[in-house]
Protein chains: 2
Amino acid sequence: MRQIHICEVGPRDGLQNAQHLMPTEAKQAWIASMAAAGIEEIEVGSFVPPKLIPAMADTAEIVTFALTIPKLKVVALVPNVKGFERALACGAHKVTFPVSASRAHSLANVRMTPEQMVEEVRRCVELRAQLGAKNGGGNNGPQIEAGVATAFGCTLQGVVPEDDVVRLAVMLAETGADCIALADTVGYANPAQIKRIFSRVRKEIGDKLEAAHLHNTRGLGLANALAAYEVGVRHFDSSMGGLGGCPFAPGASGNVITEDLVFMFESMGVPTGVDFDKLMEARKLLVAGIPQEPIYGHTPMAGLPKGFRAAA
Amino acid sequence: MRQIHICEVGPRDGLQNAQHLMPTEAKQAWIASMAAAGIEEIEVGSFVPPKLIPAMADTAEIVTFALTIPKLKVVALVPNVKGFERALACGAHKVTFPVSASRAHSLANVRMTPEQMVEEVRRCVELRAQLGAKNGGGNNGPQIEAGVATAFGCTLQGVVPEDDVVRLAVMLAETGADCIALADTVGYANPAQIKRIFSRVRKEIGDKLEAAHLHNTRGLGLANALAAYEVGVRHFDSSMGGLGGCPFAPGASGNVITEDLVFMFESMGVPTGVDFDKLMEARKLLVAGIPQEPIYGHTPMAGLPKGFRAAA
């Protein structure tokens, strides 16, 4: 049985930061192929203003398509109540809110303070409760995740105090959000910090702390994932091909790379539920869908070790 | 004070596997610049037949030069007694023997079985003792390291039984070699395996177990270094720019990358003694010395995080 839960965020975090656009049909084929490889959760898009991020303009269509894939949990990023309402209308299984621990990043990114963003999450939790009551009780809206962004440092602010991260995670948990993620949005984290902050936040909010959202900007993506695993994290966001990159760091990949993450855990004897060969098939559809975009991944280039047997 | 000891192996492992040759003068300038950045140990070459590996033909000259650099420990790889005698003649501070745990790799690489290689190491230890006796006692030959190669898997043999690795490490320690390294020669290792095998070997030979020699072929170099650190390893081999690569895996770097290794430990608050900015100056000399060769490294491309302070 799988012990690691991977949420593939390439169609959102990857494509949102890519230099080129992937056509809607190519996105659909790619998403379907990743689900076929055993990825059970995919962040397929972002309900942000299309004028701001053209790559996400087809998110409603992509969510609708993804909902037809059996067993797939379909996630959309939403930055505010308006985005949440669009996700509700489409029937996404889960939404994720990015809430920056860095005040500077929060203001630059969503023109709200972290505290205002917490209120935005709270309103969405309430909206979902009202909807549930109207439909005869029961919690039938999407799962709500709040991700603490820039939790390990910020390109604008530099150091982000750990107390700020813990406080924000607690505030978000208290809104009634179902789960909290910690995100190394800009690839500043190190393994010691990962262990320290995840442990501190877990002490405060327990198992509401769920995913590690890691970037590979300084090459520490897998080391940080390992550190998070060692302090009990079992949910990881990652992006096929390390898609998206960093516009300020040519050659540095974006999110931690799904293929290498799967290889690391499988080789450790920790099953991910993902079939590596089928993942390579999905990678071909990624390349076909956005051929000009640089993609990364060591294991795809080097191949599996001779005699390698996956744990799954 | 530094807590991590880095042995830079780029001039040997990197250049030996590079597609292009670096001129002798460029090697010298590069080695001097790395020493100036705070690298205290450099494997500068290999006493192998020049006909087999032209990139190492100037090793005697490079060792002689490197010995003029203050405080630098100068290491040369030697595959047999003949190589050891050449290293002796030059006055290298330390030699390192690669001894494959994989029988198939050993035969292919040095046309000897692992057991024959152990005898080769033993003869060199004896040679050094005789030399010491002749010079009025005292151990005035080079330090002798024996590295268990393919300790985590082999491209020819596939899986290498852990018992074989432990047994070989014990045999090598019993020759009187000063220190033992474990090498992931082909980039097959995973963090769980690293912890398991280093712990088993340490249990047998104690602090004679010294360095982790890791490759980054499947992107796990830093995660494996972290795992080794967590079970007490403090000596790491690494290569600037991940030089050397893997001829079978274009885009996959060679050894674990010095720059990223330094960044990982420094960011964790574990001092390496290396000045990152000066390391970047040395990297320029690497590029200048072998401009056609692909080199790697995330931190060099992305830069240090805003507000980053090294622990050193």
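Computed from the coordinates by the stated procedures, all read-outs in this text should not be read as laboratory data. In this text, all values refer to a predicted model and were calculated from it rather than measured experimentally. Methodologically, a virtual Cβ is constructed for each residue, glycine included, from the backbone with ideal geometry; neighbour enumeration extends over all protein chains shown.
Here are some notes:
- Backbone amide hydrogens, once placed in the peptide plane, bring A:Glu41 within less than 5 Å of A:Glu8, A:Lys73, excluding anything fewer than 5 places away on its chain.
- Placing +1 on each Lys and Arg Cβ and -1 on each Asp and Glu Cβ, with no other charges, gives the stretch A:260-312 a dipole about its Cα centre of roughly 140 debye.
- Between B:Thr64 and B:Arg167, the C-beta separation translates, for a Förster distance of 22 Å, into a calculated FRET efficiency of about 0.05.
- On the rotation that sends chain B to chain A, the chain B Cβ lying closest to the axis gives residue and distance in whole Å as B:Ala223, 2.
- 222 nm mean residue ellipticity, helices alone, for chain B (DSSP H n ≥ 4; -39,500 (n - 2.57); rounded to 500): -12500 deg cm²/dmol
- For the stretch B:167-312, the relative contact order is 19 percent, taking Cα pairs closer than 8 Å that sit 6 or more residues apart in sequence and dividing their mean separation by the residue count.
- Across q = 0.05, 0.07, 0.10, 0.11 Å⁻¹, the protein assembly as shown modelled as identical point scatterers on its alpha-carbon atoms has Debye log10 I(q)/I(0) values of -0.24, -0.45, -0.86, -1.00, in the order of the q list.
- Along each principal axis, taking the top coordinate minus the bottom one, the Cα set of the stretch B:49-96 gives 32, 20, 15 Å in descending order.
- Full-extension gain in nm, B:Lys71 to B:Ala36, via 0.36 nm per residue minus C-alpha separation: 11.6 nm
- Fewest-first ordering of A:Lys203, A:Lys278 by other beta carbons within 10 Å of each residue's beta carbon gives A:Lys203, A:Lys278.
- Between B:Leu127 and A:Glu204, the simple spin-label model (points 7 angstrom out along Cα→Cβ) gives 6.2 nm.
- Simple Cβ-charge dipole of chain A, Lys/Arg +1 and Asp/Glu -1, about Cα centre, in debye nearest 20: 120 debye
- Listed residues B:His5, B:Met112, B:Asn224: farthest to the positive end of the dipole of chain B (Cβ charges): B:Met112
- Copy-to-copy label separations for B:Pro291, where each label sits 7 Å from Cα toward Cβ, in nm and ascending: 3.2
- For a paramagnetic label modelled on B:Ala104 (point 7 Å from Cα along Cα→Cβ), amide N atoms under 19 Å away belong, within the stretch B:165-191, to B:165-166, B:183-190.
- In this structure, A:Met280 and A:Arg234 have a Cβ-Cβ separation that, at R0 = 22 Å, corresponds to a calculated FRET efficiency of about 0.35.
- Computed from phi, the 3J(HN,Hα) profile of the stretch A:117-122 under the Karplus parametrisation 6.51, -1.76, 1.60 (θ = phi - 60°) reads 5, 4, 5, 4, 5, 4 Hz, with x in place of Gly and Pro.
- Pairs spanning more than 32 Å between alpha-carbon atoms, out of B:Lys134/B:Lys208; A:Lys306/B:Lys203; B:Lys82/B:Lys284; A:Lys94/A:Lys284: B:Lys82/B:Lys284.
- Here the 3J(HN,Hα) profile of the stretch A:77-91, calculated from phi with Karplus coefficients 6.51, -1.76 and 1.60 at θ = phi - 60°, is 7, 9, x, 6, 4, 4, x, 4, 5, 5, 5, 4, 4, 7, x Hz, Gly and Pro shown as x.
- Debye intensity ratio I(q)/I(0), log10, chain A, q values 0.14 Å⁻¹ (C-alpha model): -1.04
- Using C-alpha pairs under 8 Å with a sequence gap of at least 6, the mean separation divided by the residue count of the stretch B:1-112 gives a relative contact order of 23 percent.
- Among A:Gly241, A:Val160, A:Phe263 - extreme Cα towards positive end, dipole of chain A, charges at beta-carbon: A:Val160
- Extending 7 Å from Cα along the Cβ direction at B:Lys134 and again at A:Arg196 yields two label points whose distance is 5.5 nm.
- Inter-copy label distances at A:Thr64 (7 Å, Cα→Cβ; nm, one decimal): 7.8
- Couplings for the stretch B:184-199, taken from phi via the Karplus curve 6.51 cos²θ - 1.76 cosθ + 1.60 with θ = phi - 60°, read 8, 3, 10, x, 9, 5, 10, x, 5, 5, 4, 5, 5, 6, 4, 5 Hz in order; Gly and Pro are left as x.
- Teacher prompt: A:Asn135 distances to equivalent labels in other copies, 7 Å Cα→Cβ, nm: 8.2
- Simple rule: put +1 on each Lys or Arg Cβ and -1 on each Asp or Glu Cβ in the stretch A:5-302, find the dipole, and look at A:Thr299, A:Leu172, A:Ala60; the Cα lying farthest toward the positive end is A:Leu172.
- Within 10 Å of each Cβ in B:152-160, the average number of Cβ atoms from other chains: 3
- Summing Lys and Arg as +1 and Asp and Glu as -1 over all other residues whose Cβ lies under 12 Å from the Cβ of A:Val125 gives a net charge of -3.
- DSSP beta bridges in the protein assembly as shown [antiparallel fraction, %, rounded to 5]: 5 percent
- Relative contact order [Cα under 8 Å, 6+ residues apart], chain B, whole percent: 21 percent
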